[in-house]
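Peer 1: Input: one structure, supplied below.
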Amino acid sequence: MPSSQISRSLVNLIGTLLRQPQSAVGTILVIFFFLLALFGAQLAPYPNPNDQSHDVRQSPTLDLAKLQLGEHPFGTDRLGRDVYSRVILGASSIFRIAGLGTLVSVVLGSALGLFMGYQGGWVDEILGRVIDATLAIPALLLALVLVGIIRNLEFEAGSWQAGLADNVVLLVIAVLYIPIVARVARSTTLDIKTREFVAAAEIRGESQAYIIFCEILPSVIPSLVVEASLRFSYAIFLVASLGFLGFGARPPSPDWGLMVNENRGGFYQLTPWALEFPALAIALLVIAVNLMSDGIRRAVQKGE
Amino acid sequence: MIHFLRRRFLFFFFTYLISSLAIFFLLRVLPGDPARVIAGGREATEEQVAEIREKLGLNAALPEQYLTWLGDFIGGDWGETIAFRGADNRDLILERARNSARLALVALLLSVPVSLVLGVIAGLSENKLPDVIISLLTLSVVSLPEFVTGLFLINIVALRWGRGALAESLGWWFPASSAVPATASFGEMLPALWLPAFAATLVMLAYISRLTRAGVIEELKRDYVRTAALKGIAWRTVVWRHVLRNALLPTITVIAISISWLVSGMVVIEFVFGFPGLGSLLIAAIERRDLLLVQAIVMVTVTIILFSNLFADMAYALLNPRVELS
C-alpha cells in the first residue's frame with residue numbers, strides 16, 4: 001500500500017472520528033494528552049518533577065493560600081512538589097509504556113496470527129488452543145506474577161538499572177497482548193485466505209512471506225486497527241493500575257498511579273489535591289481513549 | 001448436549017494443563033537458582049539453599065518435578081509460606097479465599113439484579129432517553145479504574161458523608177477501611193464489606209448490563225415477537241413471557257465470564273480497602289518475594305475461574321436444549 005493511500009485513510013478516519021460528538025470529545029482529549037506527553041518538559045513550570053518549591057520543614061502543613069492560581073494551580077504535595085508539573089510530566093511515561101507495549105504486541109501478535117491463520121493445520125490447532133488457555137488467566141493476575149518474577153530476577157542479578165521498572169511493565173503488556181492480537185489476526189486471516197486474489201497469488205507461485213504480507217495483511221489491517229485501539233485503552237488502564245499497586249514506576253517518578261498511591265490514606269486529609277488531580281488525569285485519559293477506540297470501531301465497521 | 005459438554009470438559013482439562021504448566025515453568029525457568037531466590041537472594045547461606053533445594057525436589061528432572069508439584073497441589077499440599085512465618089500456604093489461602101468469596105457474594109448480589117434491570121430497561125428503550133442515559137453511565141463507569149472509584153467511595157461516602165447529619169442520626173456509617181481481622185465471621189465482616197462490594201459492583205455493572213441490553217435488542221427483532229404482538233397479546237406479556245426468558249438465558253454465561261473480571265478487579269479493590277482477601281494476599285506475597293505462595297494463589301484462582309466457566313456451560317446446556325444443535 002503506497003504511503004499516500006495510508007495517510008489518506010488516516011485523514012478519513014480522523015474526519016469520521018471528529019464528526020460524532022462522543023468520539024470527537026475522546027479524540028480531542030487523547031490528542032491533548034499526547035501533546036502533553038510530547039512537550040510536557042517545556043510546558044511544566046517545574047521541569048524537574050522532584051523540585052521542592054518550598055522547604056517542607058519550615059511549613060509542614062500546607063494552607064490553601066498556597067493554592068493561588070499561577071503559583072501552584074494544583075497545589076503541592078506533602079514534600080512541597082508542584083502537583084501541576086508532576087501531572088504534566090507524568091503523561092509521557094504512561095503514553096510511552098502503554099503505546100510502545102501496544103505497538104510491540106500488535107506487530108508480533110499480528111505476525112503470529114497471520115502465520116497461524118495462513119498456515120492452518122496442526123501448528124494452528126495447537127497454538128490456538130494454547131492461546132485460548134492463556135486467556136483463561138485474568139490479565140492483571142498474570143501481569144502481577146510476571147512483574148513479581150522479573151523483579152526477582154533483577155534482585156538476583158543485584159543490579160538496579162534506572163528505568164528498568166518502567167520497561168518491565170512495557171514487556172508485560174507486550175507479553176499479555178500478543179496472544180489476544182494473534183487471535184484476532186488469525187480469525188480475520190482465515191476469512192481472507194479463501195478469497196480469489198490469494199489463490200491467484202498462490203498460482204503465480206509467490207512466496208509464503210509475499211502472500212502473507214503483501215496480499216493478506218492489507219485486508220487484515222482494519223480489524224488490527226480496531227484491536228490496537230482497544231488494546232491501547234486496556235494498556236493505559238493496566239499501567240495506571242500497576243503503578244497504583246506499586247509494581248510500576250518507582251517512587252520519585254511522577255507516574256499518575258504512583259502519585260495516587262503515595263497520597264492516599266492519612267495524607268489524603270492533608271493534601272487531597274495531590275491525589276485528586278492525578279486520579280482525575282487517569283480517569284479523563286481512560287475515558288477519552290475508550291471513547292476514541294469505540295469511535296474507531298464504529299468507523300471501521302461502517303467502512304467495511 | 002453430550003457432545004457439547006464433552007468438548008467443554010476437554011477444553012477444561014487442556015486449559016488446566018496449559019495454565020498449570022505455565023505457572024510451574026514461570027518459577028522454574030528463572031535464570032540462576034530458584035532455590036536461592038526463594039531462600040532470599042544473596043543473603044541466604046549455602047545450607048539454606050541446599051535445604052530448600054531438597055525440600056522442593058529441585059534435584060529431580062523437570063517433568064518429574066512438574067508432576068510431583070501438580071500432584072501435591074491437587075492432593076492439597078501447597079507448601080509453607082516464607083513471607084508469613086509459621087503458616088501453611090493452604091490454611092492461609094483458604095482463609096483469604098473464603099473472605100474474598102464473601103466479598104464476591106455481596107458484590108454479585110448487589111450487581112446482578114441492578115445490572116439486569118438496567119440492561120433490560122436500556123434494551124427495551126433502544127436509542128431513547130433511558131437507553132442513552134444508562135449507556136453513558138455504564139460507559140463512564142466501566143472506563144474508571146477500580147482504584148479511582150474505590151478511593152472516591154472512601155473519600156466521599158465514608159469520610160465526607162460519614163460526618164454528616166444522616167450518618168449521625170443513623171448511628172452507623174460505612175467504615176473508611178475494610179481492614180478487618182482475617183478470621184472474623186461473616187456477620188462481623190459485613191459492615192466492612194458494603195463499600196468494597198459496591199466498588200466491585202461498578203466494575204461488573206457495565207459488563208453485565210451492556211450484554212443484557214444487546215441480548216434484549218436482538219431478541220426483540222425476532223419473528224415470534226412480531227407474531228405474538230400481531231396476535232394481540234399485550235406487549236407487557238410478550239416482554240415478560242417471551243423476550244426476557246430468551247434474552248436472559250445467555251446472562252448465565254456472562255456472569256461466569258465476568259467472574260474473571262471480578263477477580264482482577266478485586267485484587268485492586270482489596271488493596272485499596274485493605275480487605276484481607278486473596279487479592280491483597282497475592283500483592284503481599286509478590287512484595288515479599290514469596291514465589292511459592294504466589295504460585296499457589298494463582299493456581300487456586302485459575303481453578304476457581306475454570307470451574308465457574310465449566311459450571312456455567314453445564315447450566316447453560318441444561319437450560320437451553322438447543323445447544324446440541326450448534
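Peer 1: Just one of the numbered conditions (1) more than 11 Å from chain A (Cβ to nearest Cβ); (2) under 25 Å from B:Leu110 (Cβ atoms); (3) in contact with an Asp or Glu (Cβ under 6 Å, 6 or more places away or on another chain) is not true of B:Asn246; which one?
Peer 2: Tallying (1) more than 11 Å from chain A (Cβ to nearest Cβ); (2) under 25 Å from B:Leu110 (Cβ atoms); (3) in contact with an Asp or Glu (Cβ under 6 Å, 6 or more places away or on another chain), B:Asn246 fails exactly one: (2).
Peer 1: Right, next: Can you name the residue in the range A:274-304 that is within 19 Å of B:Val272 (Cα to Cα) and open to solvent by 30 Å² or more (accessible area, probe 1.4 Å) and is also modelled with the lowest pLDDT among such residues?
Peer 2: Looking at residues that are within 19 Å of B:Val272 (Cα to Cα) and open to solvent by 30 Å² or more (accessible area, probe 1.4 Å), I get A:Glu276.
Peer 1: Considering only residues that are aromatic (Phe, Trp, Tyr) and in contact (Cβ under 8 Å) with a residue 60 or more places away in the chain, which ones fall in the range B:231-285?
Peer 2: Within the range B:231-285, B:Phe271, B:Phe273, B:Phe275 qualify.
Peer 1: Which residues, counting only those in the range B:236-254, are of a type in the set (A, V, I, L, M) and assigned to a helix (DSSP H, G or I)?
Peer 2: If the condition is that a residue be of a type in the set (A, V, I, L, M) and assigned to a helix (DSSP H, G or I), then B:Val238, B:Val239, B:Val243, B:Leu244, B:Ala247, B:Ile252, B:Val254 are the ones that fit.
Peer 1: Also: Would you check if B:Leu190 is aliphatic (A, V, I, L, M), more than 14 Å from chain A (Cβ to nearest Cβ) and surrounded by fewer than 16 Cβ atoms within 10 Å (Cβ to Cβ)?
Peer 2: yes
Peer 1: Here's another thing I want to ask about it. Mind checking which helices (runs of 4 or more DSSP H) fall wholly inside the range B:123-235 and carry at least 2 residues that are under 16 Å from B:Gly265 (Cβ atoms)? Walk me through it before giving the result.
Peer 2: Details: elements: B:129-143, B:146-152, B:165-170, B:186-220, B:223-230.
Qualifying helices (runs of 4 or more DSSP H): B:129-143, B:146-152, B:186-220.
Peer 1: Same structure again: Any idea how many residues of the range B:280-295 are part of a helix (DSSP H, G or I) and either at the interface with chain A (Cβ under 9 Å from one of its Cβ atoms) or open to solvent by less than 10 Å² (accessible area, probe 1.4 Å) (or both)?
Peer 2: 10
Peer 1: I've got another one for you. Give the number of residues within the range A:235-273 that are touching a Leu at 6+ places or on another chain (Cβ under 9 Å), in a helix (DSSP H, G or I), open to solvent by 10 Å² or more (accessible area, probe 1.4 Å) and more than 10 Å from every other protein chain (Cβ to nearest Cβ).
Peer 2: 4
Peer 1: Now a separate question. Checking B:Tyr207 against (1) open to solvent by less than 20 Å² (accessible area, probe 1.4 Å); (2) out of contact with any Pro (no Cβ under 9 Å at 6 or more places or on another chain); (3) among the hydroxyl-bearing types (Ser, Thr, Tyr): exactly one of these is not met. Which one?
Peer 2: (1)
Peer 1: Does any residue of the range B:255-265 turn out to be in a helix (DSSP H, G or I), out of contact with any Cys (no Cβ under 9 Å at 6 or more places or on another chain) and more than 14 Å from chain A (Cβ to nearest Cβ)?
Peer 2: Yes, there is a match, as at least one residue in the range B:255-265 is in a helix (DSSP H, G or I), out of contact with any Cys (no Cβ under 9 Å at 6 or more places or on another chain) and more than 14 Å from chain A (Cβ to nearest Cβ).
Peer 1: Got at least one residue in the range A:196-203 being out of contact with any strand residue (DSSP E or B) (no Cβ under 9 Å at 6 or more places or on another chain), without any contact (Cβ under 8 Å) to a residue 12 or more places away in the chain, among the aromatic types (Phe, Trp, Tyr) and surrounded by fewer than 21 Cβ atoms within 10 Å (Cβ to Cβ)?
Peer 2: Within the range A:196-203, not a single residue is out of contact with any strand residue (DSSP E or B) (no Cβ under 9 Å at 6 or more places or on another chain), without any contact (Cβ under 8 Å) to a residue 12 or more places away in the chain, among the aromatic types (Phe, Trp, Tyr) and surrounded by fewer than 21 Cβ atoms within 10 Å (Cβ to Cβ).
The values are calculated or read from the model by the stated rules, or taken from the named source; none is laboratory data. The structure displayed is predicted, hence computed values, not measured ones. Here the Cβ is made from the backbone with ideal geometry for all residues, glycine too, and neighbour counts use every protein chain on show. Protein only, heavy atoms only, side chains kept; ligands, DNA and RNA dropped before computing areas. Shrake-Rupley method; radii C 1.70, N 1.55, O 1.52, S 1.80 Å.
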